[in-house]
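The values are calculated or read from the model by the stated rules, or taken from the named source; none is laboratory data. Just so we're clear, the structure is a prediction, and the values are computed from it rather than from any experiment. A quick note on method: Cβ atoms are made from the backbone with ideal geometry, for glycine too, and the neighbour counts reach across all protein chains shown. Just the protein is used for accessible areas: all its heavy atoms, side chains included, with ligands, DNA and RNA removed. Shrake-Rupley method; radii C 1.70, N 1.55, O 1.52, S 1.80 Å.
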Amino acid sequence: MIEVLDGGLSTTVQDNGRYGQYHIGVPPSGAMDQFAHSVANYLVGNDEEHATLEMTYKGCEVRFEEDTVIALAGAEMAATLDGEAIPMWEAVAVDAGDELALQFATAGARTYLAVAGGIDVEPVMDSRSTYALIGIGGHEGRALEEGDVLAVGEPAANADAFVGTRVPAEDIPTYDDDDANIRIVIGLCDYRLTEESKERLTTEEWKVAADADRVGYRLTGPELEFVEREQPFGAGTDPTNVVDLGYPVGSIQIPQQPIVVMRDAVTGGGYATVATVISADRGKLSQRRTHQSVYFTNVSVDDALAAREEQEAVLADIKAAVTPS
Amino acid sequence: MVANSITPKTLPEPRYEHGSDDYIFVELDEEMSFDANFRAVAITQQLRELELPGIIEICPANASYMIHFDPDEIAPDALVAKLKDVAADTDLSDYQWETRVIDFPVLYEDEWTHETLMRFRDNHQDANATDIEYSAKINGYDTVQDFIDAHTGAPHMVTMVGFVPGLPWCFQMVPRDRQIEVPKYVSPRTDTPSRAVGFGGAFTAVYPVQGAGGYQLFGRTPVEVLDVDQELADFEESMVFPSPGDIFKFRQIDREEYDEIREEVEAGTFEFKMEPVEFSPEEFFNDPDAYNERLMEVLYE
């Protein structure tokens, strides 16, 4: 069992997502940065399906009721276990009664806490992920609060052998402010934007707005212009409107300023979507913080596939490197 | 001259678009029509039956559809080729599907959406009218009641579900010259009561939960489209009630009936009045008024 002493700013239970219900409006939810979530799990002998705690901007404080193994991955947050500093990206032994405390993130936005055996809340539609809008999944469908108690699943038989293993230094992301490049594939309803505006989308600087969250990442930047047309029947009168359609996770819609649809997505609506963040960069985008820059680079579908394969290869390498032989 | 049949529309070449490496979006038309929607429903139903490896989500929409897939199991280009094959094999002229016709009570001009819409007059096209007064006027109706009679006078098909869990988009089953069309708010509201019935573009929407919204607010329904705890009998299999292809008959009710239905919903005893039907696009197109009348007979007799 884990007792929550302080929930932090917004800490939720997340796994790799809830699938098969998008057509009735249920988004995948799940860890915003699936890379860091998976790595934290691998470090404690879990697989990526296990639930972790996703902490946003500021970490939580928890007390462990029994001996276990934990790992932290993602945004840099100074962490102490019973007052002693502990490293991130490394499996750490915990004794019953130990208290873990995390500070504000100094680089990146989201940190994942994995516990051997995973956070064991009741699955909803085959997932333990929190979807707060309608209050399903996770712990009572909401962010954690002081006094919440979380069960932990059965750890792998060799979980203790993971203690001290760490992610190879070259595989640890940096979340630097100068690494603001996010790759996108232009398409969907991009015919609505003028050529100059498409150019602007992929050359000018965007800033993450204050209300960038699990539902959508709002960005501010230059004005974008739409191709003039007589609006088609059913679309509505505004030039940004199309006949309501499905929104891919990662797609960029332009109500006026861009919003990138994230894992607690609104699943569809009537704004023109003009591009999609490649699957390998969605986690990276979710680590961008309010007021930080984002630059979009247009790539091909083949480039997006190559980036996905590359990321999967890195994850496989990390899994092999941290798993005791 | 009012149309009493629907002429099938020749759709443009569909656009197959990549949503990066793991989504395909297929736009069947830029404008809304039954033809585009029925094709989206038919193609996605056939895709479901094929059970292709690597398919994660199959999402029909109003005039388009979207697939989420795992490119490690099926390559994007191979999937597009497969979608084109399915489309080529889909002939709507002999296509029918099982659906439900459902009585859907609405309290028009209710106090709750009225209170909300009055708070957001600055976001609206006409600060001196209510949403429904404005919508009646721009659609050429003399009175709000005439407009409500038109909205309830023919059933609506659920053409898409989403935005948030359970929100149905409903497209009225009448020829184009009788379709209601209204703009969305100039800028969206930050608040909408749960169970609000709104209209934007050519679609009625029912808001499952309180939240933001940009549709013109006409009324509020006492029934639920989302039951997270699945306490109501109609939600036993899914916390979301509406499905694409459902046929909703909006029915104007008074406050007394609204309160009675709310009591049943809150007691967990409410059940929708509904009947299963076999929907035939061809018969509907030939004579929509007579077809709708037959649907109403199935529901109310």
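The criterion of being over 14 Å from residue B:204 (Cα atoms), surrounded by fewer than 17 Cβ atoms within 10 Å (Cβ to Cβ) and more than 14 Å from chain A (Cβ to nearest Cβ) holds for residue B:146. If the condition is being of a type in the set (A, V, I, L, M), in a helix (DSSP H, G or I) and within 12 Å of chain B (Cβ to nearest Cβ), then the range A:21-44 contributes only A:24.
If you go through the range B:42-76 and keep only what is facing chain A (nearest Cβ under 7 Å) and of a type in the set (A, V, I, L, M, F, W, C), you end up with B:56, B:58, B:59, B:61, B:63, B:66. Scanning the range B:232-276 for residues that are more than 14 Å from every other protein chain (Cβ to nearest Cβ), open to solvent by 40 Å² or more (accessible area, probe 1.4 Å) and in a loop (DSSP other than H, G, I, E, B) gives B:236, B:254, B:269, B:271, B:273. Every condition in (1) free of Cβ contacts under 8 Å to residues at least 60 places away in the same chain; (2) open to solvent by less than 10 Å² (accessible area, probe 1.4 Å) is met by residue A:111 except one, and the failing one is (1).
For the residues A:282, A:308, the requirement of being touching a helix residue (DSSP H, G or I) at 6+ places or on another chain (Cβ under 6 Å), open to solvent by 10 Å² or more (accessible area, probe 1.4 Å) and assigned to a helix (DSSP H, G or I) singles out A:308.
In the range A:238-258, the qualifying residues are those that are at the interface with chain B (Cβ under 9 Å from one of its Cβ atoms) and of a type in the set (A, V, I, L, M), and the one that is nearest to residue B:19 (Cα to Cα) is A:249. Filtered by the rule that a residue be among the charged types (D, E, K, R) and either at pLDDT 95 or above or touching a His at 6+ places or on another chain (Cβ under 8 Å) (or both), the range B:122-151 gives B:131, B:133, B:137, B:142, B:146, B:149. Every condition in (1) more than 30 Å from residue A:143 (Cβ to Cβ); (2) surrounded by fewer than 22 Cβ atoms within 10 Å (Cβ to Cβ); (3) β-branched (Val, Ile, Thr) holds for residue A:220 except the one numbered (1).
Quick grid of which residues meet (1) at pLDDT below 95; (2) more than 10 Å from chain B (Cβ to nearest Cβ):
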site: A:181; (1), (2): no, yes
site: A:187; (1), (2): no, no
site: A:193; (1), (2): no, yes
site: A:201; (1), (2): no, yes
site: A:204; (1), (2): no, yes
site: A:216; (1), (2): no, yes
site: A:221; (1), (2): no, yes
site: A:224; (1), (2): no, yes
site: A:236; (1), (2): yes, no
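Of the helices (runs of 4 or more DSSP H) that lie entirely inside the range B:38-157, those containing 2 or more residues that are in contact with a Pro (Cβ under 8 Å, 6 or more places away or on another chain) and either under 23 Å from residue A:270 (Cβ atoms) or touching a residue at least 60 places away in the same chain (Cβ under 8 Å) (or both) span B:111-119.
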